[in-house]
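The values are calculated or read from the model by the stated rules, or taken from the named source; none is laboratory data. Predicted, not measured: the structure shown is a model, and the values here were computed from it. Note that we place each Cβ from the backbone using ideal geometry, even for glycine, and neighbour counts take in every protein chain shown. For accessibility, only protein heavy atoms count, side chains too; no ligands or nucleic acids. Shrake-Rupley method; radii C 1.70, N 1.55, O 1.52, S 1.80 Å.
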Amino acid sequence: MIACGKGMARRAALIKSLRAFATIALVLCASVSLAADQESKAYKSGAYEFQLAPAPAWVDVHDVAREWDAAAPGASGARWRNWLWDSQVDRRSGTRERYFDRAYEAVSPELVQDAGKHQIWFSPDYQRLILHRVELRRDGTWHDRLLPNAITLARRESEFENDMSNGIVSALIVLDDVRIGDVVRVSYTISGDN
């Protein structure tokens, strides 16, 4: 009878500990969910929308080199330099997520205007666009240039002349005041698959 009483006391203590653990787990899950909601924000442009959020946890974010390697292609005579051209894909959740990170520089004066424009194509019927960063490096310092209200989303029908509709939307990011020597960096994720 004494052994049985000790066993019941242990069981009661275990149940009490499990309840406390479950309560802590629920509080932590709610906190993470609330933090995720605060980190991700949706913006509308016309009939379409995009989100701002940090890069997903599964992404291995790479740094952009501080200086162009003198032995690398484009060290002299190049008109354009790609500092970083990264794509990563995750299918573990059953939905394809594609992460893109581009850092580039117009070395030629006639290409500076092109460096200030970046287009991202996606289909809002089954995909979401999540922007992570739009930055510009000038004189060795990175500057945040992500202005959500300045991003234009518009439907682009490439087959319009043939009476075909593909539903593709273009997000146009335009940076003012891009100069020779500036490195532009844009990173985003397109989530979803048809």
* residue 91 - accessible surface, heavy atoms, 1.4 Å probe, Å² rounded to 10 -> 140 Å²
* Quick one: how many Å² of residue 107 are accessible to a 1.4 Å probe, rounded to 10? -> 40 Å²
* **Residue-count net charge about residue 58 - beta-carbon cut-off 15 Å; Lys, Arg +1, Asp, Glu -1** => -1
* At a probe size of 1.4 Å, how large is the accessible area of residue 114, to the nearest 10 Å²? -> 80 Å²
* Backbone N under 18 Å from the residue 119 label point (7 Å along Cα→Cβ), restricted to segment 135-157 -> 151-157
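With every protein chain left in place, what is the accessible area per residue of segment 65-194 in square angstrom, probe 1.4 Å?
Numbers: 7510 Å² over 130 residues.
I get 58 Å² per residue for this part.
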* Just reorder 50, 100 by solvent-accessible area, largest first, 1.4 Å probe, all chains present. => 100, 50
* Structure fact -> Placing each pseudo-label 7 Å from Cα in the direction of the beta carbon, residue 84 and residue 58 end up separated by a distance in nanometres of 2.0 nm
